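This report refers to the structure that appears directly beneath it.
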Amino acid sequence: MTPQVLTPSDLQAILDFTVILAKTAGKLILDGSAAIHASSGDSDVSEKKNSVDLVTEYDVKVEELVKKEIQTRYPEFKFIGEESYAAGSRPPLTDDPTFCVDPIDGTTNFIHGFPFVCISLGLIHNRRPVIGVIYNPFLEHLYTGVKGQGSYLTKGSSAPLKLPLSSLPKPLPSLSQALLAVEWGSDRCEKTISAKSSSFGRLAGDPAQGVTGGKMAHSLRSVGSAALNFALVAQGGLDLYWEIGCWPWDVCAGIVIAEEAGGLVTGSHDVFATTMATDQFGEVTEEILTGRKYVVVRAIRGNLGETGSDAQKRIIKEFYDTVEDVETN
Ligand code: LIP
């Protein structure tokens with residue numbers, strides 16, 4: 001079969017369709033939130049892997065809606081979705097255009113009424129993320145990105161703002177000046193939790209007051225949505241986000257939005273070590289997209305003979321020298 005070509009105008013048409021779809025899904029997410037908060041118990045919430053890996057009937061309903069609309073408009077496109085995957089539909093990644101969807105990213109936030117919840121719609125083509133749409137219906141924040149065409153934040157009905165929001169990205173001398181996002185994830189076994197906790201402690205701790213290897217970063221945030229963490233790095237509100245254990249549908253859209261805002265995305269400690277000195281560094285390959293270990297750093301202004309991309313590499317190195325790698329399960 002001849003591989004499908006997507007021209008810039010095809011990508012624009014897919015983006016327009018995807019934005020409308022995100023807004024439609026957003027209404028269903030808001031209805032679901034209202035229904036959950038009006039109900040008396042927690043019967044709408046089910047556990048997947050364990051008691052902190054949650055799903056609601058609205059995750060499934062939103063994914064069904066999105067899948068149906070995509071199949072109607074783009075019947076030749078493939079589909080990877082969080083809830084379809086959980087239900088056993090696990091198609092391999094191919095060169096074909098493939099929507100990669102998390103219907104509700106931030107399900108725990110959704111259940112608790114913490115308004116950092118979004119739908120994340122990515123398009124992969126030739127095994128690379130090429131379109132990203134992330135919509136938080138609670139705040140009416142819409143993030144969009146198309147490979148090679150920039151990324152934007154639209155708040156409500158205001159005009160789109162080009163990302164990053166600051167036209168001249170700030171330098172970042174070291175982690176000690178950084179606002180970092182990390183997540184606890186749903187793997188709560190002793191080995192994982194100890195490694196993450198000590199990593200978080202070193203990022204936050206004061207080396208002058210007994211924390212060996214402490215970086216004393218400005219602070220750590222856990223937004224609870226991988227997609228929104230990527231979006232916040234893209235806009236420049238976060239300097240770096242790191243997570244182990246999330247999935248391609250959590251990050252696919254965010255990768256495009258962050259990269260188009262000048263951000264740099266890579267994978268695990270090993271991927272970083274083996275690619276940092278190569279031309280491939282900064283390219284989100286299939287291995288990185290599906291590798292379940294991600295780090296993204298915002299656009300950084302070059303300074304004193306150092307390019308912006310060398311500064312991004314330096315920050316990731318400092319970060320990976322500070323935190324421990326853990327296995328996914
Ligand atoms: C969640 C992520 C979050 C991560 C969780 C989970 P969900 O996605 O976005 O950042 O820490 O482990 O993957 O389950 O809300 O779609």
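Report, by residue number, each residue of the range 68-90 that is within 16 Å of the ligand (Cβ to nearest atom) and in contact (Cβ under 8 Å) with a residue 12 or more places away in the chain.
Matches in the range 68-90: I80, G81, E82, E83, S84, Y85, A86.
Specify which of the listed residues (I255, I244) is under 9 Å from the mean Cα position of the chain (by Cα), more than 8 Å from the ligand (Cβ to nearest atom) and buried (at least 24 other Cβ atoms within 10 Å of the Cβ).
I255
Specify which of the listed residues (L65, L93, L54) is surrounded by fewer than 22 Cβ atoms within 10 Å (Cβ to Cβ), within 15 Å of the ligand (Cβ to nearest atom) and either touching a residue at least 12 places away in the same chain (Cβ under 8 Å) or more than 12 Å from W249 (Cβ to Cβ) (or both).
Residue meeting the stated conditions: L54.
For (1) within 21 Å of P8 (Cα to Cα); (2) out of contact with any strand residue (DSSP E or B) (no Cβ under 8 Å at 6 or more places or on another chain), each residue gets a yes or a no:
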residue: S84; (1), (2): no, yes
residue: D95; (1), (2): yes, no
residue: V117; (1), (2): no, no
residue: L121; (1), (2): yes, no
residue: N136; (1), (2): no, no
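Taking the range 308-329, which residues are in contact (Cβ under 8 Å) with a residue 40 or more places away in the chain, under 13 Å from D270 (Cα atoms) and of a type outside the set (A, V, I, L, M, F, W, C)?
Result: K317, Y320, E324, D325, E327.
Would a scan of the range 301-308 turn up a residue that is basic (K, R), over 26 Å from R127 (Cβ atoms) and part of a loop (DSSP other than H, G, I, E, B)?
So far as the range 301-308 goes, yes, one or more of its residues are basic (K, R), over 26 Å from R127 (Cβ atoms) and part of a loop (DSSP other than H, G, I, E, B).
Go through the range 211-240 and count every residue that is assigned to a loop (DSSP other than H, G, I, E, B), small (G, A, S) and touching a residue at least 40 places away in the same chain (Cβ under 8 Å).
Counting residues in the range 211-240 that are assigned to a loop (DSSP other than H, G, I, E, B), small (G, A, S) and touching a residue at least 40 places away in the same chain (Cβ under 8 Å) gives 7.
Is it fair to say S84 is under 13 Å from W249 (Cβ atoms), in a helix (DSSP H, G or I) and not aliphatic (A, V, I, L, M)?
Details: under 13 Å from W249 (Cβ atoms): yes; in a helix (DSSP H, G or I): yes; not aliphatic (A, V, I, L, M): yes.
Answer is yes for this residue.
Within the range 193-236, track down each residue that is within 12 Å of the ligand (Cβ to nearest atom) and of a type in the set (F, W, Y).
Selection gives F230 alone.
Here are the criteria: (1) more than 21 Å from the chain's Cα centre (by Cα); (2) surrounded by 14 or more Cβ atoms within 10 Å (Cβ to Cβ); (3) within 21 Å of P115 (Cβ to Cβ). Tell me which single one S39 does not satisfy.
(2)
For the range 117-189, which strands (runs of 3 or more DSSP E) that fit wholly inside it have 3 or more residues that are more than 16 Å from the ligand (Cβ to nearest atom)?
Details: elements: 118-125, 128-136, 141-146, 150-155, 179-182.
So the answer is 118-125, 128-136, 141-146, 150-155.
Filter the range 166-203 down to residues that are more than 17 Å from N229 (Cβ to Cβ) and either surrounded by fewer than 18 Cβ atoms within 10 Å (Cβ to Cβ) or touching a Leu at 6+ places or on another chain (Cβ under 7 Å) (or both), then give me how many there are.
19
State whether the residues of the range 98-113 include one that is of a type in the set (S, T, N, Q), away from the ligand (no atom under 14 Å from the Cβ) and in a loop (DSSP other than H, G, I, E, B).
No, the range 98-113 contains no residue that is of a type in the set (S, T, N, Q), away from the ligand (no atom under 14 Å from the Cβ) and in a loop (DSSP other than H, G, I, E, B).
Need pairs with beta-carbon distance below 7 Å; first residue touching a residue at least 12 places away in the same chain (Cβ under 8 Å) and closer than 19 Å to S39 by Cα and within the range 96-112, second β-branched (V, I, T) and within 7 Å of the ligand (Cβ to nearest atom); sequence gap 6+ or separate chains.
Listed pairs, sorted by first residue: F110/I104.
Give the number of residues within the range 131-160 that are touching a Phe, Trp or Tyr at 6+ places or on another chain (Cβ under 9 Å) and surrounded by fewer than 18 Cβ atoms within 10 Å (Cβ to Cβ).
Count: 3.
Can you confirm whether V295 is in contact with a Gly (Cβ under 9 Å, 6 or more places away or on another chain), β-branched (V, I, T), modelled with pLDDT of 95 or more and not in a helix (DSSP H, G or I)? Write out each step before concluding.
Values: in contact with a Gly (Cβ under 9 Å, 6 or more places away or on another chain): yes; β-branched (V, I, T): yes; modelled with pLDDT of 95 or more: yes; not in a helix (DSSP H, G or I): yes.
Answer is yes for this residue.
Name the residue, out of A231, A208, A217, A227, that is of a type outside the set (S, T, N, Q) and surrounded by fewer than 16 Cβ atoms within 10 Å (Cβ to Cβ).
Of A231, A208, A217, A227, the one residue that is of a type outside the set (S, T, N, Q) and surrounded by fewer than 16 Cβ atoms within 10 Å (Cβ to Cβ) is A208.
For A208, state whether it is more than 30 Å from R314 (Cβ to Cβ) and either in a helix (DSSP H, G or I) or without any contact (Cβ under 8 Å) to a residue 24 or more places away in the chain (or both).
Taking the combined requirement at face value, the residue does not satisfy it.
The values are calculated or read from the model by the stated rules, or taken from the named source; none is laboratory data. Every value quoted in this text rests on a predicted model; they were computed, and no experiment measured them. With ideal geometry, Cβ positions are generated from the backbone for all residues, glycine too; neighbour counts draw on all protein chains shown.
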